[in-house]
């Protein structure tokens with residue numbers, strides 16, 4: 001009986017250690033996305049959040065921000081969501097002078113149907129956020 005309890009204890013301890021090691025291997029980054037407020041002819045978003053990137057090129061994160069449709073008198077809509085997905089690193093020199101980190105996701109339980117971020121991309125509208133109403137918003141995102 002004691003041996004059976006010890007085996008169960010060892011199994012639980014092993015599972016716990018494996019779980020903790022995978023958490024410890026995740027890298028944490030701050031992400032911020034913004035567009036110059038003078039840009040009036042584009043649907044845009046501003047966003048901040050925290051990304052956890054694991055060794056298998058997957059990420060998860062929490063984000064908050066605002067979206068604004070194009071036009072002078074457009075109003076802001078607040079957004080808050082959780083997302084997870086794939087990450088791809090494009091080495092410096094392939095597309096741009098600097099390395100580009102590309103993230104793609106379909107956020108969980110939110111009005112957002114698609115999120116793509118391209119940190120390090122030279123285009124100022126390289127990141128996109130699509131809402132359930134079909135409108136796509138653009139921004140420039142940076143990972144730090």
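General observations
- The residue that is modelled with the lowest pLDDT, among those in the stretch 21-38 that are more than 20 Å from residue 52 (Cα to Cα) and in contact with a strand residue (DSSP E or B) (Cβ under 6 Å, 6 or more places away or on another chain), is 35.
- Residue that is farthest from residue 32 (Cα to Cα) [pool: residues in the stretch 108-138 that are touching a residue at least 40 places away in the same chain (Cβ under 8 Å) and assigned to a loop (DSSP other than H, G, I, E, B)]: 135
- Leading residue by the ranking (modelled with the lowest pLDDT) among those in the stretch 107-128 that are more than 26 Å from residue 91 (Cβ to Cβ), crowded, with 16+ Cβ neighbours inside 10 Å and under 13 Å from the mean Cα position of the chain (by Cα): 107
- Residue match in the stretch 64-71 (condition: in contact (Cβ under 8 Å) with a residue 12 or more places away in the chain and under 9 Å from the mean Cα position of the chain (by Cα)): no
- Only one entry of 77, 82 meets the criterion of being part of a strand (DSSP E or B), over 14 Å from residue 45 (Cβ atoms), modelled with pLDDT of 90 or more and in contact with a strand residue (DSSP E or B) (Cβ under 8 Å, 6 or more places away or on another chain), and that entry is 82.
- When the stretch 47-74 is limited to residues that are farther than 17 Å from residue 29 by Cα and out of contact with any strand residue (DSSP E or B) (no Cβ under 6 Å at 6 or more places or on another chain), the one that is modelled with the highest pLDDT turns out to be 69.
The values are calculated or read from the model by the stated rules, or taken from the named source; none is laboratory data. Since the model is a prediction, treat every value here as computed from it, not as a measurement. For neighbour counting, all protein chains shown are included, and Cβ atoms are generated from backbone atoms with ideal geometry for every residue, glycine included.
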